[in-house]
Amino acid sequence: MHLAKALRRQGHEVTVVPLYLPLVTDGGTEDGEQPVFAGGINLYLKQQMRWFRHVPKWVQRLLDSRWMLLAAAKRASMTSARQLGEMTEESFRGVTGRQAEEWQRLMDWIGNGEKPDVLSLSNGLLNGLAVVAQKDLGIPVVCSLQGEDSFLDTLPEPWRERSWELFRENSASVSRYVATSEYYAAEMRKRLRLGEDRVVCVRNGIDLSGFAEQERVPDPPVIGYLARQCHGKGLHTLVDAFLLLAKRHGTVRLSVAGTTTAADDAYIAEQVRKVREAGLESRVEWRRELDFAEKVRHLQQLTVLSVPAGYGEAFGLYIIEALACGVPVAEPDDAGPGELVRATGGGLLCAKDDPAALAEILGRMVDDPELRRELAERGRAAVEREFTADVMARGYAAVCAAAVGK
């Protein structure tokens, strides 16, 4: 919604259409301007049970209700990549696959209304819609890219290769792809076999009005984490680095916060066990779901933030949010996060998947207040200059204008 609101501030007309689930932002669940299309429950049941396509419309409307969809969203099994290989392939097939009824309803709604200048898709998994929009409705399509490769690469065969093939095939109907980092733009040009003009970079931005710099640096020092608590985000690497750092710094603490699913419980329990066996339970805090205000307070209470993701992450919004609060970061020199740290100058980098290397840069930052202050000031200034929602919107609008030939 940050992008849509910023585009509107700049004079553009924007209609936001929620897919799968009601729109949820940092401020909570949005009322939404339009109904939810391709509701997640109906989409799933129609995919898995052909007879469900013939149930009464009132049953389908009930399953598309806000409370029902939000309740379903809590079930990790419905969005597990390994279980949804077939659904992902059919999503790429759009109006020609098993999900055709749901997607055709959306395209009919678009076609029967006031024709937009451009259709913006929020992620590449939706590019099956580009075929209808471009060929049948004559609407150019701009599609955002933000981590699709890490999802698709976890799918079991044959759905992994089939999905990539359809992704590439549908790309012929996409005017421009917009990646969130130069790293990810280059990666997806390679994976989709497209030229530089077809995949461009517009970095994410945030609304700074909700973020304020911390009033004081915490004492004792606090190392923080803010992301989903899972293996891919590198929580285990940070826990191991903290255990090493705690041997040299008798008061340093660790504060972990972020979303979890049932699938993460065993992994999190293992991290808790390591901390307990090291006798450091009293110096580690574990928090799960945070609303926006709680997230900002969490960031403001940190000495340094670190989310040492072990995969090729496309961006790393937590870096921008931490810097907006005046908190420097310690990250692996890899992919989107490494690019962001270099672009902002707001942190230090180390080798990926290396707890000892991470502990070393964390120790430098904990020990050197002047270094932390310099990194924080430089990072905050870069965010204010280059990573706001308005900067993002100007870049995105330019891509849309190029797509429609204006």
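The values are calculated or read from the model by the stated rules, or taken from the named source; none is laboratory data. As the structure is a prediction and not an experimental result, all values here were calculated from the model. Because the Cβ atoms are built from the backbone with ideal geometry, glycine has one as well, and the counts that use them run over all protein chains shown.
Below are the figures for this structure:
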item	result
Test: residue in the range 307-322 that is hydroxyl-bearing (S, T, Y), closer than 30 Å to V199 by Cα and assigned to a helix (DSSP H, G or I)	yes
Residues satisfying the stated conditions in the range 160-187, i.e. under 22 Å from E90 (Cα atoms), buried (at least 22 other Cβ atoms within 10 Å of the Cβ) and touching a strand residue (DSSP E or B) at 6+ places or on another chain (Cβ under 7 Å)	V174, Y177
Residue match in the range 186-203 (condition: part of a strand (DSSP E or B) and among the charged types (D, E, K, R))	no
Where G345 falls short, out of the listed (1) more than 21 Å from the chain's Cα centre (by Cα); (2) on the phi > 0 side of the Ramachandran plot; (3) surrounded by 23 or more Cβ atoms within 10 Å (Cβ to Cβ)	(3)
Unique residue being under 13 Å from H231 (Cβ atoms) and in the same structural domain as Q301 (by TED's automatic domain parsing) when the list is A262, A266, A257	A266
Residue list for the range 306-320, restricted to those being surrounded by 23 or more Cβ atoms within 10 Å (Cβ to Cβ) and farther than 18 Å from D153 by Cα	S306, V307, P308, G316, Y318, I319, I320
Selection status of E374, in contact with a Gly (Cβ under 6 Å, 6 or more places away or on another chain) and either outside the structural domain of C201 (by TED's automatic domain parsing) or within 24 Å of K274 (Cα to Cα) (or both)	no
V252 vs. criteria touching a residue at least 12 places away in the same chain (Cβ under 8 Å), touching a Gly at 6+ places or on another chain (Cβ under 9 Å) and among the β-branched types (V, I, T)	yes
Set R342, R273, R364, R297: member being in contact with a helix residue (DSSP H, G or I) (Cβ under 9 Å, 6 or more places away or on another chain), outside the structural domain of Y184 (by TED's automatic domain parsing) and among the charged types (D, E, K, R)	R364
